[in-house]
Amino acid sequence: MRLRFVLWLTVGALSGGSVGCGGGHASGADASGTGGGAGSEGGTTDTGGVAGITGTGGTTSATETGGIAGASGTGGQGGTGTAGTTGAAGTSGGGGASGAGGQLAPQCTQTIIDLPGTALPPPTLVPTNDGIAVVWMNMTGRTLQGGRIVGGAFTSNWMSTFMVSSTTVPATWNGTDLALTYITPDADKPVVNLITVAADGSVTSGPFPLPGNSGLPVAVAWNGSEYGLAWSDLTTVTFLRVGTDGGIRDSKVLDGFRSPPSVQWDGAAWLVASAMIWTINEPARLDVTRLDTTLTSLGKQSTPTTGALRAAQVIEVGNTIFAAFGNSNEVRFARFDRGLTSAPVAAPLTAPPQMGAIGIGSRGATLGIAMITQPTTLGLSTYFLEVDQNGHLVRTTQLLGSNTVGNLGSPPVSVVPTATGWAIAWTDWTNSYWGAKVSLLDCP
């Protein structure tokens, strides 16, 4: 019998090739760039009447892994010389990958690591100096459990000696240790704690109790000298600057948020994102805000969506903020400028239906998106998409697991880059227990 658990929506932190430079859209097998423009008018006559250069057609794009469409052909250069004739129009640019019209790159080779213990929702993955840290709540003992993935194998399995009541365990890397937040039960209300742990799970600082939380997951990020934490009471979001000693240095309340937020440091400011869940009086939307080190707002933008917004997550790459979010009908992709000074560009993505929990990561200019979906009424599945920065699918959609455990409103799926591809955490129902999984994808 499949078990379903309704979990709080958490916000973290696509078919056809990409668009050719001349506007050609890489959908399916027809992804040629548009033709080059007509050649320019002939130039002036050189002394001696040197013959002009004949206009040439657009060049064919080189073979490119990932199925990105070829650039458009450029127009021929105008002829010069005594004749002063106009160069011929350029021909169309060639296709994308393998020069055959922008085919998608093949699916990645998947290696699944079965983590010990039980987990629901998926574990949290955090890149470290020597691999990937993994942490989750063991559902059997209701304790924290974790370890490291190094060289494609899970090592350093550890388990806390204290019990927790949180299922999601947000975490960040502070350069030497894993910093994480968790919730413990209390007679009056839940208490959120911040601790740091070494690779073997030993506590190196904390626990530091944090005030004023509603019992929902508390996002955490590190900027090199202090932590940024954020949580929601389903009406507003509270953001805290917290020192390494657990002391609160500053706080700010952000209006208009309805779901647990994400927080990350972009090198100059804090980036806070949260979804406004659809209500009778307000449509669903994704809000993104940047705060400087004094918590002064540097900008805010929102992107609306239809229906009940179930999940969303954002990531910043260079000077651009990307978001993947969706509802029961579609998955959407949005791109924000870093200063949040102009409205975002949003577009629907081609993905399995009934999208729920979602995660997004970056590997160079390529974005990886993983999501829990319900493609049929029989159960949930975990899928992976690889897209370019315009939201166009560049790799064939891949099914990671078809026995996924969770709910369409589950917390985000962790997606982190590796040297050869991606690492993605998820859970499934295997042999009558909740199993924690990590998919290592080797992507040619």
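Every number here is computed from the coordinates shown, using simple stated rules; none is lab data. Note that this is a predicted model, so its numbers are computed, not measured. Don't worry about glycine lacking a Cβ; one is built from the backbone with ideal geometry, like all the others, and counts go over all protein chains shown.
A compact table of results
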{"item": "Partners for LYS252 among lysines (Cα-Cα distance below 28 Å; same-chain residues under 8 apart left out)", "result": "LYS189, LYS300"}
{"item": "Counted charge near ALA273, where neighbours are those whose Cβ lies closer than 12 Å (Asp, Glu -1; Lys, Arg +1)", "result": "0"}
{"item": "Neighbour-count ranking [beta-carbon atoms within 10 angstrom, fewest first] of GLU386, GLU316", "result": "GLU316, GLU386"}
